[in-house]
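The values are calculated or read from the model by the stated rules, or taken from the named source; none is laboratory data. Owing to the predicted nature of the structure, the values given are computational and were not obtained by experimental measurement. For neighbour counting, all protein chains shown are included, and Cβ atoms are generated from backbone atoms with ideal geometry for every residue, glycine included. Surface areas here come from the heavy atoms of the whole protein model, side chains and all, with no ligands, DNA or RNA. Shrake-Rupley method; radii C 1.70, N 1.55, O 1.52, S 1.80 Å.
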Amino acid sequence: MLSSMRKSAGSWMIKILLGLIVLAFVFTGAGSFYSQRETSVAEVNGEPITIDEYQRTYNSIMQNLEQRFGDQLNQDLLEMLDIQGQAINQLIEKHLLLQIAEQNNLRIPDNALASAIAEISAFQNNGRFDARRYRQLLEQNRLSPEDFENLHKQTLQTGMIRNLVSGAVPVSEVEIRAWHNWQNMEIKIDYAEFFGSDFSDIEVSEEEIREYFETNKEKYRTQPSVQARFLRFDPADCIDEIEISKSEIKDYYQAHQDEFGTPETVTARHILLKVPEDAEKNQDTEILDQAAEIMEKARSGEDFAALAKKHSDGPTAKDGGYLGSFKRDDMVEAFAEAAFSLDPGDISEPVRTRFGWHVIKVEERQEAEVEPLEKVRDKIRDKLAEQQTRTIAYDKAWSLYEISFEGDDLIDNARDLDLDIETTDFFTREKGPADIDAPGQFAETAFGTPLMEISEVKEIGDAYFLIQPIERKEPEIPDLDNIKDRVENDLVRQKQREAAESAAEKFLAQARSADSFNDAAREAGVEIHTTDFFKRSQPVPDIGNSRQVSAAAFSLSPENPISESVIKEGGRFFVLHLCEQKVPDEKDFESQQKNAAAQLKEQKRRQTLNKWIAALRQNSDIEVSDRFSD
């Protein structure tokens with residue numbers, strides 16, 4: 001049906017008809033993704049966790065991981081970290097804590113919220129809260145002040161619950177001393193290290209290779225792969241087909257004045273007298289009278305900044321109420337209306353907003369300005385050129401798409417139009433083809449298009465594509481003859497590791513029965529290395545960050561100085577011996593007692609809080625959507 005429509009109608013008509021069909025499906029629910037999509041990811045005691053909450057939390061975790069790991073953040077690491085599970089669990093815990101706060105009427109006063117926001121360093125300039133920076137950062141993150149304030153209020157509420165639950169954890173001096181000694185004990189170890197690569201004389205027979213392959217066949221199963229032909233429509237190739245007239249530049253300039261100007265702004269200070277949300281009318285009137293008195297003082301010549309420091313309840317009070325420069329849209333409507341009606345030096349009547357009563361003083365006013373056309377002509381020409389070349393490239397791709405349905409249509413039509421058709425090598429969904437700017441996008445389209453059919457026009461990187469998958473290879477286990485070298489190498493490496501582990505086990509037995517570790521090493525011809533002193537929290541010198549080696553080393557004692565078993569770390573095998581142990585000096589404890597107490601208390605607080613939350617979860621009705629329950 002769609003093929004006949006494409007054959008019998010022009011491109012714009014088809015676009016309109018398809019658009020109407022899509023809209024009909026969305027709003028009637030027929031086959032609609034959105035109609036079937038759930039609105040929540042979980043429920044906590046009947047309270048939904050929305051998709052928006054989940055996406056915001058998921059994105060926040062991802063941003064933190066990107067900052068932490070940078071280019072090392074790959075798919076394997078993401079799967080191991082289970083970002084989805086982290087986001088769901090964080091939100092379940094958040095909702096449980098907020099429910100407890102609501103049940104116990106634990107609220108955050110507006111002035112405490114304002115002070116907390118003012119202390120956030122991201123919103124400060126030279127150590128002081130900057131209202132303009134605050135608004136800009138929220139805009140960049142697509143948050144309104146109201147949304148951010150509600151989110152931060154929730155953060156403060158959950159923090160308050162956590163503190164109430166875990167704040168009174170007792171810590172004795174005996175516990176502190178034991179913790180300090182545990183944390184600060186230093187040891188020096190001897191160790192023998194065995195590498196698989198040391199056993200270079202490993203040989204394997206043909207029969208062993210076959211047996212290894214038969215046992216590990218699944219390890220060699222290939223991923224599905226596709227080969228595709230495609231046409232690329234690059235806007236840059238269309239630059240000679242356009243000509244930007246002076247009238248087009250002028251028309252664009254006149255229609256987009258906001259792009260080339262600076263909006264009207266004022267620089268102001270204000271004094272805010274907060275009104276409680278549940279205030280009675282007489283209380284509101286009393287606060288209005290106070291604001292009027294302050295206004296009269298300011299108008300009579302008293303220093304406005306000093307009055308703000310003394311009377312304002314807002315986060316800018318310590319800065320004399322200074323708000324910096326702002327646009328009309330930056331402020332709530334009533335505040336903006338009053339501020340932009342004043343001349344520099346004027347002081348407003350009291351203005352009511354949802355925050356309370358404001359007295360405003362405008363210090364400077366900057367009228368809206370628009371750059372002259374001559375100054376921005378080249379910028380407009382470049383923008384129009386980009387738009388037009390992209391339109392031409394897209395229309396070329398669409399025109400060819402309209403007359404190409406399947407089979408060899410793409411080849412024949414490309415030949416008729418003298419277009420170069422390209423063919424990829426086989427590629428997997430994970431890697432995509434070489435020489436494509438966005439191989440992942442290309443691969444998703446190729447794998448999502450039935451064999452020998454032609455994809456819709458796809459924007460991939462800076463160009464438009466028509467993609468036709470022409471051959472698909474299903475996952476398969478290759479014949480041994482085709483991967484024999486790889487299998488042989490894997491088998492040799494396995495035998496090398498086994499030989500290294502066996503040598504380590506043999507030496508461990510000798511060391512545990514010998515008079516001394518060094519005597520056993522000399523007799524076995526094994527080289528011994530000795531580390532410098534290190535603590536539990538430090539990498540093992542010359543070995544690195546190895547939890548297994550560190551844990552085994554600190555389990556040693558003068559009574560049992562040799563490791564109970566061989567310690568495996570990647571392709572290395574270790575036998576450890578306690579060389580020397582240093583208990584922290586009493587003077588160190590006295591000087592670090594306060595810090596040790598704080599660390600231990602924090603650990604016990606986390607343990608207490610985790611147990612409490614686990615019990616809270618167990619006694620709550622929590623339902624996670626099937627899409628997220630894994």
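Placing +1 on the Cβ of every Lys and Arg and -1 on the Cβ of every Asp and Glu, with no other charges, gives region 175-252 a dipole of roughly 500 debye about its Cα centre. What are the ³J(HN,Hα) values, in whole Hz, obtained from phi via the Karplus relation 6.51 cos²θ - 1.76 cosθ + 1.60 with θ = phi - 60°, for each residue of region 217-229 in sequence order, with x given for Gly and Pro? Residue by residue, region 217-229 yields 4, 4, 4, 9, 5, 7, 8, x, 9, 9, 10, 9, 9 Hz. Here is what passes the span test in the chain: the DSSP H helices with alpha carbon length of 18 Å or more along the helix axis and a Kyte-Doolittle mean of 1.0 or above are 11-28. The H on the amide N of GLU363, modeled in the peptide plane, is under 5 Å from the matching H of THR267, ALA268, ARG269, GLY345, each at least 5 residues off or on a different chain. Taking the Cβ of ASN45 as the centre, find all other residues whose Cβ is under 15 Å away and add up their charges (Lys, Arg: +1; Asp, Glu: -1). Counting the neighbours of ASN45, the net charge comes to -4.
Expressed as a whole percent, the accessible surface of region 422-465 that belongs to carbon and sulfur atoms is 41, based on a 1.4 Å probe. Here the 3J(HN,Hα) profile of region 328-344, calculated from phi with Karplus coefficients 6.51, -1.76 and 1.60 at θ = phi - 60°, is 4, 5, 6, 10, 4, 4, 4, 5, 4, 4, 5, 4, 7, 8, 9, 8, x Hz, Gly and Pro shown as x. Within the accessible surface of region 56-104, defined with a 1.4 Å probe on protein heavy atoms only, the carbon and sulfur portion equals 40 percent.
Under Stokes-Einstein, with the Kirkwood radius over Cα pairs as Rh, the value for the chain at 37 °C and 0.692 mPa s is 99 µm²/s.
Taking a straight line from the alpha carbon of LYS604, these aspartates and glutamates sit under 13 Å away, with near neighbours fewer than eight places off in the same chain left out: GLU175. Backbone amide hydrogens, once placed in the peptide plane, bring ILE49 within less than 5 Å of VAL41, ALA42, GLU43, VAL44, excluding anything fewer than 5 places away on its chain.
At 10 °C and a viscosity of 1.306 mPa s, what translational diffusion coefficient does Stokes-Einstein give for region 393-447, taking Rh as the Kirkwood radius over Cα pairs? Give it in µm²/s as a whole number. Translational D for this selection: 126 µm²/s. Listed by chain and number, the lysines whose alpha-carbon sits under 24 Å from that of LYS188, ignoring those within fewer than 8 places in the same chain, are LYS506, LYS535, LYS568, LYS582, LYS587.
In region 184-250, what percent of the accessible surface is made up of carbon and sulfur (1.4 Å probe, ligands and nucleic acids excluded)? Whole-percent figure for carbon plus sulfur exposure: 43. When peptides 290-302, 563-575 are ranked by their average number of other Cβ atoms within 10 Å per residue, the highest-first order is 563-575, 290-302.
Under 10 Å from the Cβ of HIS95, count the other residues' Cβ atoms, weight Lys and Arg +1, Asp and Glu -1, and hand me the total. My count for the surroundings of HIS95 gives -3. Working ranking of peptides 154-166, 515-527 by packing, defined as the average number of other Cβ atoms within 10 Å per residue, highest first, is 154-166, 515-527. With θ taken as phi - 60° and the Karplus curve 6.51 cos²θ - 1.76 cosθ + 1.60 applied, the whole-hertz 3J(HN,Hα) list for region 351-358 is 10, 9, 10, 5, 7, x, 9, 10 Hz, x standing for glycine and proline.
For region 250-365, a crude dipole built from +1 on the beta carbon of Lys and Arg and -1 on the beta carbon of Asp and Glu, taken about the Cα centre, is about 300 debye to the nearest 20.
The H on the amide N of ILE460, modeled in the peptide plane, is under 5 Å from the matching H of PHE465, each at least 5 residues off or on a different chain. Separation of the alpha carbons by more than 18 angstrom is noted, of LYS396/LYS458; LYS246/LYS379; LYS281/LYS318; LYS274/LYS318, for LYS281/LYS318. Structure note, pairs LYS310/LYS361; LYS219/LYS431; LYS94/LYS594: Cα-Cα distances above 27 angstrom occur for LYS94/LYS594. Normalised per residue, the accessible area of the chain is 60 Å², obtained with a 1.4 Å probe and no contribution from ligands, DNA or RNA.
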